[in-house]
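Trainee: Right, I'll just put the structure down here and ask away after.
The values are calculated or read from the model by the stated rules, or taken from the named source; none is laboratory data. Note that the coordinates shown come from a computational prediction; the quantities given were computed from them, not determined experimentally. Cβ coordinates were reconstructed from backbone atoms using ideal geometry, including for glycine residues, and neighbour counts include every protein chain displayed. When the accessible area is computed, the model is the full protein with side chains, heavy atoms only, and any ligands, DNA or RNA have been set aside. Shrake-Rupley method; radii C 1.70, N 1.55, O 1.52, S 1.80 Å.
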Amino acid sequence: MKAIFIDKDGTLVDDLPYNVEPRRITLCSGAGAALRLLARLDYRLFVVSNQAGVAFGRFPESALDGVADRLHDLLFRERLSLDGFYYCPHHPEGSVAAYTHDCHCRKPMPGLLLKAAHEHGIDLRASWMVGDILHDVEAGNRAGCRTILLDNGNETEWRLGPRRIPTRMAPDLYTAAVLIASHAEQA
């Protein structure tokens with residue numbers, strides 16, 4: 001099985017910081033069409049997201065159940081299915097003790113992708129990670145995926161390194177899907 005791992009905020013849905021209110025979660029422009037194209041190419045769809053708001057006490061971890069339900073609903077409306085929603089609630093500088101530590105699941109570490117791959121039998125070398133910051137790219141590269149950085153203004157640090165170089169760059173998710181489709185045709 002091959003997969004598209006998608007960052008949530010700023011990549012799949014409009015970026016509203018620490019938003020866990022389902023009715024305020026909306027797909028980015030062109031996201032439905034992008035994911036339909038990828039689904040036609042037999043990619044399975046997984047969201048992988050850092051959710052440090054839990055560690056900082058901005059919302060309880062249980063609020064992410066509503067977020068997952070909303071993502072499933074939004075994709076269902078687009079005639080798509082979400083195969084998995086994986087998140088990291090940790091942050092080493094958080095204020096909620098149970099979530100304040102380093103971990104293997106917080107991007108740029110690859111833990112979320114590796115967990116999804118293990119649980120779903122995903123071929124990481126045939127898969128892609130798409131995100132809007134270089135931490136997403138690094139997580140995908142560490143997991144062995146190809147990567148696309150959405151250059152939409154959300155990356156502000158631009159700390160480059162060998163694991164932080166994307167396979168491709170695109171301005172939005174739809175363009176990223178077209179690049180992935182053209183790469184599949186060349187293979």
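Trainee: Would you mention how many residues in the stretch 144-169 are without any contact (Cβ under 8 Å) to a residue 40 or more places away in the chain and in a strand (DSSP E or B)?
Mentor: Counting residues in the stretch 144-169 that are without any contact (Cβ under 8 Å) to a residue 40 or more places away in the chain and in a strand (DSSP E or B) gives 6.
Trainee: Would you say residue 45 is on the phi < 0 side of the Ramachandran plot, outside any loop (DSSP other than H, G, I, E, B) and under 17 Å from the mean Cα position of the chain (by Cα)? I'd like the intermediate steps shown before the answer.
Mentor: Working: on the phi < 0 side of the Ramachandran plot: yes; outside any loop (DSSP other than H, G, I, E, B): yes; under 17 Å from the mean Cα position of the chain (by Cα): yes.
For residue 45, the condition - on the phi < 0 side of the Ramachandran plot, outside any loop (DSSP other than H, G, I, E, B) and under 17 Å from the mean Cα position of the chain (by Cα) - is met.
Trainee: When residues of the stretch 145-176 are filtered for being of a type in the set (Val, Ile, Thr) and open to solvent by 70 Å² or more (accessible area, probe 1.4 Å), how many remain? Break it down into steps so the answer makes sense when it comes.
Mentor: Narrowing the stretch 145-176 to residues of a type in the set (Val, Ile, Thr): 147-148, 156, 165, 167, 175.
Subsequent filtering for residues that are open to solvent by 70 Å² or more (accessible area, probe 1.4 Å) retains 156, 165.
Residues meeting the conditions: 2.
Trainee: Determine whether residue 39 is touching a Ser or Thr at 6+ places or on another chain (Cβ under 9 Å), hydrophobic (A, V, I, L, M, F, W, C) and closer than 23 Å to residue 142 by Cβ. Break it down into steps so the answer makes sense when it comes.
Mentor: On the way: touching a Ser or Thr at 6+ places or on another chain (Cβ under 9 Å): yes; hydrophobic (A, V, I, L, M, F, W, C): yes; closer than 23 Å to residue 142 by Cβ: no.
Answer is no for this residue.
Trainee: Could you please find all residues in the stretch 103-143 being under 23 Å from residue 90 (Cα atoms) and part of a loop (DSSP other than H, G, I, E, B)?
Mentor: The first filter runs over the stretch 103-143 and keeps only residues under 23 Å from residue 90 (Cα atoms), leaving 103-119, 129-143.
The answer is 103, 104, 105, 106, 107, 108, 109, 110, 132, 133.
Trainee: Still on this structure: Working only within the stretch 66-102, note down all residues that are within 18 Å of residue 20 (Cα to Cα), open to solvent by 40 Å² or more (accessible area, probe 1.4 Å) and assigned to a loop (DSSP other than H, G, I, E, B).
Mentor: Across the stretch 66-102, the qualifying residue is only 96.
Trainee: Filtering the stretch 16-61 down to residues that are among the charged types (D, E, K, R) and within 25 Å of residue 115 (Cα to Cα), which residue is surrounded by the most Cβ atoms within 10 Å (Cβ to Cβ)?
Mentor: Taking the stretch 16-61 and keeping what is among the charged types (D, E, K, R), we get 21, 23-24, 36, 40, 42, 44, 58, 61.
Imposing the further condition that a residue be within 25 Å of residue 115 (Cα to Cα) reduces the set to 36, 40, 42, 44, 61.
Details: 36: 14, 40: 10, 42: 10, 44: 20, 61: 15.
Among them, the one singled out is 44.
Trainee: Considering only the stretch 136-149, I want to know if a residue exists there that is closer than 22 Å to residue 87 by Cα and of a type in the set (Asp, Glu).
Mentor: Here is the first cut: in the stretch 136-149, the residues closer than 22 Å to residue 87 by Cα are 136-149.
Subset that is of a type in the set (Asp, Glu): 136, 138.
Looking for residues that are closer than 22 Å to residue 87 by Cα and of a type in the set (Asp, Glu), one finds at least one in the stretch 136-149, hence yes.
Trainee: Tell me whether the stretch 5-25 contains one or more residues that are assigned to a helix (DSSP H, G or I), within 23 Å of residue 155 (Cβ to Cβ), modelled with pLDDT of 95 or more and of a type in the set (A, V, I, L, M, F, W, C). Before the answer, list the steps.
Mentor: Kept after step one, since they are assigned to a helix (DSSP H, G or I), are these residues of the stretch 5-25: 22-24.
Subsequent filtering for residues that are within 23 Å of residue 155 (Cβ to Cβ) retains none.
Within the stretch 5-25 (the criterion being assigned to a helix (DSSP H, G or I), within 23 Å of residue 155 (Cβ to Cβ), modelled with pLDDT of 95 or more and of a type in the set (A, V, I, L, M, F, W, C)), the answer is no, since none of the residues qualifies.
Trainee: Next question, about the same structure. Check residue 124 against each of (1) more than 23 Å from residue 15 (Cβ to Cβ); (2) surrounded by fewer than 14 Cβ atoms within 10 Å (Cβ to Cβ) and name the one condition it does not meet.
Mentor: Here residue 124 clears every test but (2).
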